[in-house]
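Structure first, then comments.
The values are calculated or read from the model by the stated rules, or taken from the named source; none is laboratory data. Bear in mind that the values here come from a model prediction, so they are computed numbers and not experimental data. Here Cβ is always computed from backbone atoms with ideal geometry, including for glycine, and neighbour counts include all displayed protein chains. For the accessible areas, the whole protein counts, side chains as well, though only heavy atoms, and no ligand, DNA or RNA atoms are used. Shrake-Rupley method; radii C 1.70, N 1.55, O 1.52, S 1.80 Å.
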Amino acid sequence: MGNSSSSSNASLSIALEKVQFRAGEAVRGYVQVHVTAPIACKNVYAKLEGEVRTHVTFESTNTERDADGESHDTTEQNTAYQRRSIVTENICVATFPGEAAPGFYQFPFQFMLHPNLPSSTYLPDVHGDGACLAYGVSVQLERPGFLKFDLVSRAMLEVNAAIPRTIKPVRAGAVKEVELCCMCCPRGEIRLQGSLSHNAFSGNEAVLVKVSLKNRSSEAIQFIAVELKESISFSANSHSSTRENVLAATELPGLAAGGTLEDASVQLKLPPSFANSSVRTSLLTIQPTVEVIAVTGCCVTDPALNLPVTLFRAPEVVAFGKLPRKHKGEAVPYAKPVPYHPDTQALGSPIQVEATVVDPTAPHLEEASAPPQQVFAAMEVQAVPMSTPLVQ
């Protein structure tokens, strides 16, 4: 018999005190075991896990020869899957003396979330490609012989990253020499500068942008576009996928040749449903930026600059609209926890298990392109700019 959450004699489920947690909080719940007939078993384990999960669709071409020796190409669509753990904690919550008697059991557990854990993230499928950063609690009822770990279950929970206390302003500038692209005739230069009041914002805040421009050219600025974008990239077994979303956008009025604009302020308001916090791991990266473009004539290259920013999902927003997709070969899919109703009459562990208090595990993010000779704190996964860690 393969792994499952129930058998003919017993069933296994997970209850959580709640389903949304902040990094640094305690995850409390219990393993619920319903035994209808004596069943051989030993230990019950609970495991907190966080993982990046990706899947990317790709095409492969095969060449075959027919009976006449002519070759023919056939194309088929495949899906690559990959998972990478960022945090794991495992504890024993109950021990049986070789057999569980019929009854209704509840075994409580508690995990402390590390304060530097990144937020849960869910990217729905686009053309067959999708990714997520998911957290959950899995439980295993250890059974002897061929049935070891036969009863298993996994319930999903969501984590919201803690917003750092230390935030800094961000500034950037760009100087563009203006010339007609067809004749390379110099027309002066445009100096564009932009700044953010902070380098990190929550989903319920407005992103405040200031723009300055000196048009030392003979070309007029038609308008200044200001956009908040998120660039997303992920991979699965060497197959990659990218996408870009515009989260908010606005415009500043144009500027005549020789004109000057000083510290014009605009606000970019995130949509209420914004759910993707900034994250950077070796499999999944979500990098928001504020892009400022001075739009000029059709024959002039537009001056532009990018301001990196960290975004945090608002606490009331749910990241996952649906459960994570089951991967090929994955034995235990994610499920919703059962309602939390502790029963003081439920049976406990037949053999007393000492509660073990352990320090929360820091995330293992394995950034793919970390600058050499630089030590990163765990919070850098959501620091802005990404190459400059926030002061801890």
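Numbers at a glance
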| quantity | calculated |
| --- | --- |
| Ordering of 258-270, 187-199 by packing [mean C-beta count within 10 Å, highest first] | 187-199, 258-270 |
| Paramagnetic label zone (point 7 Å from Cα along Cα-to-C-beta, residue 26; backbone N under 18 Å) in the stretch 92-113 | 92-94, 107-113 |
| For the stretch 18-159, projected area of the alpha-carbon convex hull averaged over all directions, nm² | 13.5 nm² |
| Mean Cβ count within 10 Å, highest first, over the residues of peptides 323-331, 113-121, 287-295 | 113-121, 287-295, 323-331 |
| Global size of the stretch 205-348 as Cα Rg and Dmax, reported in angstrom | 22.7, 84 |
| Average projected area [Cα convex hull, the stretch 6-56], square nanometres | 6.0 nm² |
| Surrounding net charge for residue 71, when Lys and Arg each add one and Asp and Glu each subtract one, Cβ distance under 14 Å | -4 |
| Protein accessible area in the stretch 198-284, 1.4 Å probe - carbon and sulfur % | 46 percent |
| Distance in nm between pseudo-label sites at residue 101 and residue 304 (7 Å out along the Cβ direction from Cα) | 7.3 nm |
| Extension reserve of the residue 40-residue 354 stretch, reckoned as 0.36 nm per residue once the Cα distance is removed | 110.8 nm |
| Low-density loop positions, GluC sites (Glu not before Pro), the stretch 27-94 - DSSP coil, at most 16 other Cβ in 10 Å | 70 |
| Mean projected area (nm²) of the alpha-carbon convex hull when the stretch 259-343 is viewed from all directions | 11.8 nm² |
| Length released on extending from residue 218 to residue 47, taking residue separation times 0.36 nm less the Cα-Cα span | 55.0 nm |
| FRET efficiency, residue 238 to residue 364 (Cβ-Cβ, R0 35 Å, nearest 0.05) | 0.95 |
| Span from the the stretch 68-101 Cα centroid across to the the stretch 103-124 one, whole angstrom | 20 Å |
| Protection proxy ranking, peptides 151-158, 341-348, average beta carbon neighbours within 10 Å, highest first | 151-158, 341-348 |
| Two-site FRET efficiency, residue 88 against residue 126, from Cβ-Cβ distance with R₀ of 25 Å, rounded to 0.05 | 0.25 |
| Gain on full stretching of the segment that runs from residue 251 to residue 336 - 0.36 nm per residue minus C-alpha separation | 26.2 nm |
| Residue 265/residue 68 FRET efficiency (R0 56 Å; Cβ-Cβ; nearest 0.05) | 0.15 |
